[in-house]
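The values are calculated or read from the model by the stated rules, or taken from the named source; none is laboratory data. This structure is a prediction, so every number in the text was calculated from the model and none was measured. Using ideal geometry, Cβ is built from the backbone for each residue, glycine included, and neighbour counts are taken over all protein chains shown.
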């Protein structure tokens, strides 16, 4: 409900008219389910307002191995008895609605397109998404949100049985292919279309596996604003109308799409108001307006006194994370990760059990390298942490990645070592030796 998600770049589609935030806040809420911490599913501003406005409302979240989402909800005002943590596969009741949550695991990066892993025995790499089942009055609704991109979801679906309605995502949120500068435009469009069809096939397969009577494609459409607006045509996202047409032709379930604030009755199959696609003219005007937006990190150029030292420490923590994963049995690799700004640049070389960090002018790219370029202010915000910091912050590599804030170049195939960039953080420098921050 708040435009500018993912560090300023994501805007609602269709465009918000301004009344939506308060209209939702004015409704009576018994409970709020938050599937995961990504900004398009967890609007911190709205959740905080809801916690203040309705003291009887409780929040339901999965009992993840990590505490990121729990801490974030507590910071918004949902704490103590107002925060219900459901272990995976367990149920809880709010009034006459029973909720069961399954934690999604074993992320498939080729499908989801982002680098933050979903599951490992290591809590730092634990599950990041979830599936919720809501049952009442003999009806069963499954909210799979973004979890259909997770490989093990198929195993979860086998346990659920037939459902009345499945809600699931139908579009890509990652940086590929729109942010990859070395891919020709027409190739980007072709790859985006291929990815988009993959998401639709996944939703279709899930609806059929659940023997769903109805399927509602959602959590799929957004648009990029600011200087990234030109990338919109290269994203792996189709219109909701196209998704409905696909599902109507491919799925046994009946597709459903409502206008904003509409209602759907699972017992009768009737929607109060059908979805109408915004006209091309409306969309073009909307994109033109939001293209003039400026991201928060672009609004100032503060001094970055210890840029080289902080980037070196941050990249050293990336290397340390790699070595830590090796100690847990993860495979060795030979690869280079580099990051470039107009202020400071650096790289990490991974060579089996050894690593090397270098800060300064970047050499020519290797045959097995991923190079990211971004605004210097963004990099500063992403890596700086106060000594002893622990918790979640929107200024995080994964948030910037999903927000399309990096320009990517990649030689060779995707390498999972990119995931270690989620630990590219350093203790804030005040002229003394850095203190390594906790993640």
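The table for this structure:
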| item | result |
| --- | --- |
| Which listed residue, of 347, 362, is in a loop (DSSP other than H, G, I, E, B), under 26 Å from residue 303 (Cα atoms) and in contact with a strand residue (DSSP E or B) (Cβ under 7 Å, 6 or more places away or on another chain) | 362 |
| Residue list for the stretch 318-345, filter: touching a helix residue (DSSP H, G or I) at 6+ places or on another chain (Cβ under 7 Å), farther than 19 Å from residue 396 by Cβ and touching a residue at least 60 places away in the same chain (Cβ under 8 Å) | 333, 335 |
| Criterion: at pLDDT 95 or above and under 24 Å from the mean Cα position of the chain (by Cα) - qualifying residue of 192, 205 | 192 |
| Residue, nearest to the chain's Cα centre (by Cα), within the stretch 297-308, restricted to residues that are touching a residue at least 40 places away in the same chain (Cβ under 8 Å) and surrounded by fewer than 16 Cβ atoms within 10 Å (Cβ to Cβ) | 298 |
| Filtered residues of the stretch 69-82 (kept if within 22 Å of the chain's Cα centre (by Cα) and surrounded by fewer than 18 Cβ atoms within 10 Å (Cβ to Cβ)) | 71, 74, 75 |
| Members of the stretch 1-44 found to be more than 22 Å from residue 97 (Cβ to Cβ), in contact with a helix residue (DSSP H, G or I) (Cβ under 8 Å, 6 or more places away or on another chain) and assigned to a helix (DSSP H, G or I), listed by number | 6, 7, 8, 21, 44 |
| One residue from 102, 78 being farther than 24 Å from residue 238 by Cα, free of Cβ contacts under 8 Å to residues at least 60 places away in the same chain, in contact with a strand residue (DSSP E or B) (Cβ under 9 Å, 6 or more places away or on another chain) and assigned to a loop (DSSP other than H, G, I, E, B) | 78 |
| Within the stretch 234-249, tally of residues that are more than 18 Å from residue 165 (Cα to Cα), in contact with a helix residue (DSSP H, G or I) (Cβ under 7 Å, 6 or more places away or on another chain) and assigned to a helix (DSSP H, G or I) | 1 |
| Single unsatisfied condition, residue 216 versus (1) at positive phi; (2) at pLDDT 95 or above | (1) |
| Options 144, 149, 132, 162; residue that is within 24 Å of residue 231 (Cα to Cα) and either modelled with pLDDT of 90 or more or in the same structural domain as residue 222 (by TED's automatic domain parsing) (or both) | 149 |
| Number of positions in the stretch 6-39 that are in contact with a strand residue (DSSP E or B) (Cβ under 6 Å, 6 or more places away or on another chain) and in contact (Cβ under 8 Å) with a residue 60 or more places away in the chain | 9 |
| Criterion (within 30 Å of residue 210 (Cβ to Cβ) and surrounded by fewer than 19 Cβ atoms within 10 Å (Cβ to Cβ)) met by exactly one of 253, 271, 257, 288 | 271 |
| Residue under evaluation residue 252, criteria (1) farther than 21 Å from residue 220 by Cβ; (2) outside any helix (DSSP H, G or I), criterion not met | (1) |
| Residue among 185, 227 that is touching a residue at least 12 places away in the same chain (Cβ under 8 Å), surrounded by fewer than 20 Cβ atoms within 10 Å (Cβ to Cβ), over 24 Å from residue 16 (Cβ atoms) and not assigned by TED's automatic domain parsing to the domain that holds residue 374 | 185 |
| The stretch 55-74, residues that are touching a helix residue (DSSP H, G or I) at 6+ places or on another chain (Cβ under 9 Å), without any contact (Cβ under 8 Å) to a residue 40 or more places away in the chain and in a helix (DSSP H, G or I) | 73, 74 |
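Residue-wise test of (1) crowded, with 21+ Cβ neighbours inside 10 Å; (2) in contact with a strand residue (DSSP E or B) (Cβ under 8 Å, 6 or more places away or on another chain); (3) not assigned by TED's automatic domain parsing to the domain that holds residue 36.
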| residue | (1), (2), (3) |
| --- | --- |
| 191 | no, no, no |
| 196 | yes, no, no |
| 209 | no, no, no |
| 218 | no, yes, no |
| 231 | no, yes, no |
| 239 | no, no, no |
